[in-house]
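Just below is one structure, and these are the notes that go with it.
Rule-based calculations on the coordinates, nothing more; no lab input. For clarity, every value in this text was computed on a predicted model and none was experimentally measured. We place every Cβ from the backbone using ideal geometry, glycine too, and count neighbours over all the protein chains shown.
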Amino acid sequence: MDTSTQLPQHLDVLVVGAGISGINAAYHLTTSLPETSYAVIDGHESFGGTWLVHTYPGVRTDTEAYTLGFDFKPWVGPPYAGAQAIRDYLGEVIEENDLAPNFFYGRLLTSATWSSDNQLWTLAGRVVATGETFTLTASFLWMCHGYYRHEKGYTPAWNGLDGFAGEVIHPQSWPKDVDLGGKNVVIIGSGATMATLAPAIADQCGTLTVLQRSPTYFFQSPNVEPLADQLRALETPEEWIHSIIRKKSVDEMQNLVQIQQLHAEISKRALIDMVAKQLPEGYDVERHFTPRHFPQDQRVCRVLDGDLFAKISSGQITMITDEIDHFTSLSIVTKDGDEIPCDVVITATGFDLSVLGDVAFTVDGEPVNFADSVTYRGLLFTGLPNLAWTFGALRLSWTMRADYVSRYVVRLLSHMRSGGFGKVAAVLRDRDATMKLVPFIDPEKFSPGYALRSRHLMPKGGSVDEWSMSMDFWGERSVLDSLAFEDGCLQFDPTVR
Ligand SMILES: Cc1cc2nc3c(=O)[nH]c(=O)nc-3n(C[C@H](O)[C@H](O)[C@H](O)COP(=O)(O)OP(=O)(O)OC[C@H]3O[C@@H](n4cnc5c(N)ncnc54)[C@H](O)[C@@H]3O)c2cc1C
């Protein structure tokens, strides 16, 4: 990685993060606002974000790559794709649109200071490889930092873990040289990471135990998209196939959520029965595969071709549903008193939320506490002028929301340019003063562990549409694509320079 190219001293827009969201932002800035100067910085040595960092065996998408891909570039591979295939796709987007000159890797933003007097962000950071510092100014800051901390995953503080003599691996930091051959391996966790990792390593391990506190819902399918294949056989253009499959996926997901909400018990039973059919007669499905929550509360994990269930059925993977009491030097002891011998513990226990990319924010001399902020439609924030955050879709692929958030931000920037505005701030209207404040992600609608754990660090939402992030894809997309900027929630100031 070459970090010798200097970042410009001033930019119209600084994009933070070169993952799916940052690449999406760059595409829209380049194609819709070619006169805007911008750069994308990332602390990592290359693009991809999530799909660069995660290298554990079996890592792949859990939603279809047709929808994890962008609306402007067709996905042509199998629907559930490995990390490398996603990075290849992202690399093509960068190359085909000549975005590379705007990308600066190995640069970590550490502080951002806004001055309303000169309507500028002063941004400071570190070149990761050399430790040198850099500074620049930008008129607008577009945070595309994702939602979780990349350096380190979340590992609960279990009793005795410090004295454990074996190896502890978090899948987010998978070591290149790990040797699981013949070892007693325990994966702690129950989500998508466990479900993809366990079948991928089961053949190498001496024993492989999955220890979960509570079960997850699984949906199993082959890695094919029959409609796409059929349309391809009919020589339908790839652009059409891409667009049709994306619409179909949204419709299917929204119908599914509706059915799950209306018929929670039936949906629950159907998913559990699907799993039970994959497992041997008499298997304790009640204990290991009957979640306490309802399917619509969290993402349902996908098992491809039943690989996880096949390895459980063959005895290569043992499921244990129990809580950890403590670690000894060579084992884990559960609350029920079972002792599981282990040489390697894999903590598939999730993420730590990254609040605004762990950047220290100051606005007009005051440090910013993001938790005091209220979101304008899940993309702008009170108390943080000239800043947007691309937060993707939760139930659908992340990119489905990132696409129209990018379009909105580019429209906003264009509006500021043509109107001669140097500052935009989201400001609560008088009538919003009595509005009930609610969590940024409504726990009634979506409640993964990282969101619940970090709720106190996140901005708030409000009880009216303008101040909340919608989970209605078609509704929110059509609003944001056409929304006028004069709704009283956005305050524009003329340019001072
Ligand atoms: C294993 C795994 C599987 C997943 N599977 C799916 C799936 O199937 N479907 C789905 O929709 N979602 C999935 N997700 C969620 C996934 O994170 C999103 O789909 C999407 O990749 C997020 O893209 P992003 O660009 O917003 O953020 P990220 O991919 O997190 O990238 C953010 C980038 O910002 C950079 N950054 C952050 N802070 C700073 C800073 N201060 N200075 C400089 N750079 C910074 C980081 O280095 C990183 O490269 C998955 C997540 C994981 C971990």
(request) Give me the number: length gained by fully extending D442 to T318, i.e. 0.36 nm times residue separation minus the C-alpha to C-alpha distance, one decimal in nm. (result) 41.2 nm
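Suppose R0 equals 30 Å. What FRET efficiency, 1/(1 + (r/R0)^6) with r the Cβ-Cβ distance, do K152 and K335 give to the nearest 0.05?
Efficiency computed from Cβ-Cβ geometry: 0.65.
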(message) Percent of Cα-Cα pairs more than 20 Å apart in segment 340-427, please.
(response) 51 percent
(message) Restricting to DSSP loop positions (anything but H, G, I, E, B) with no more than 16 other Cβ atoms inside 10 Å of their own Cβ, which GluC sites (Glu not before Pro) remain in segment 166-271?
(response) E235
(request) Quick one: grab Rg to one decimal and Dmax as a whole number for segment 390-497, Cα atoms only, in Å. (result) 15.3, 46
(request) Please identify every one of the GluC sites (Glu not before Pro) in segment 62-155 that sits in a loop by DSSP and has no more than 16 other beta carbons within 10 Å of its own beta carbon. (result) E132, E151
(request) With label points built 7 Å along Cα→Cβ from the Cα atoms of T137 and E167, find their separation and express it in nm. (result) 5.1 nm
(message) Can you give me the long-range amide H partners of F103? Hydrogens built in the peptide plane at 1.01 Å from N, cutoff under 5 Å, separation of 5 or more residues or another chain.
(response) V40
(message) If each DSSP helix of 4+ residues adds -39,500 (n - 2.57) and the sum is divided by the residues in the chain, what number results at 222 nm, nearest 500 deg cm²/dmol?
(response) -8500 deg cm²/dmol
(message) Just to be sure I follow: if Rg is taken over the C-alpha atoms of the chain and Rh is the Kirkwood radius over the same atoms, what is Rg/Rh?
(response) 0.97
(request) Rounded to the nearest Å, what's the spacing between the alpha carbon centres of segment 220-267 and segment 55-106? Just the number, please. (result) 20 Å
(request) May I ask you to compute the full-extension gain from S116 to S414, defined as 0.36 nm times their residue separation minus their alpha-carbon distance, rounded to one decimal in nm? (result) 105.3 nm
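Given a Förster radius of 45 Å and the C-beta distance between R497 and E45 as r, what FRET efficiency does 1/(1 + (r/R0)^6) yield to the nearest 0.05?
Rounded to the nearest 0.05, the efficiency is 0.80.
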(request) Taking 7 Å along the Cα-to-C-beta vector as the label spot, tell me the D472-L457 distance in nanometres, rounded to one decimal. (result) 3.2 nm
(request) Any chance you could run the full-extension gain for S214 through A360? It's 0.36 nm times the residue separation minus the Cα-Cα distance, nm to one decimal. (result) 48.9 nm
(request) Determine, for each peptide in 336-343, 76-83, the mean count of other beta carbons within 10 angstrom over its residues, then list the peptides with the highest first. (result) 76-83, 336-343
(request) Among DSSP beta bridges whose residues both lie in segment 161-347, state the antiparallel percentage, nearest 5. (result) 25 percent
(request) May I ask for the Kirkwood hydrodynamic radius of segment 185-269, worked out over all distinct Cα pairs and given in angstroms to one decimal? (result) 16.3 Å
(request) Quote the FRET efficiency, to the nearest 0.05, computed for L234 versus N159 with a Förster distance R0 of 56 Å and r equal to the Cβ-Cβ distance. (result) 0.40
(message) Show log10 I(q)/I(0) for segment 90-144 at q = 0.12, 0.15, 0.22 Å⁻¹, two decimals, from a solvent-free Debye sum over equal Cα scatterers.
(response) -0.38, -0.57, -0.92
(message) Translational diffusion coefficient of segment 161-347 at 37 °C, 0.692 mPa s, Stokes-Einstein with Kirkwood Rh over Cα pairs, in µm²/s as a whole number.
(response) 178 µm²/s
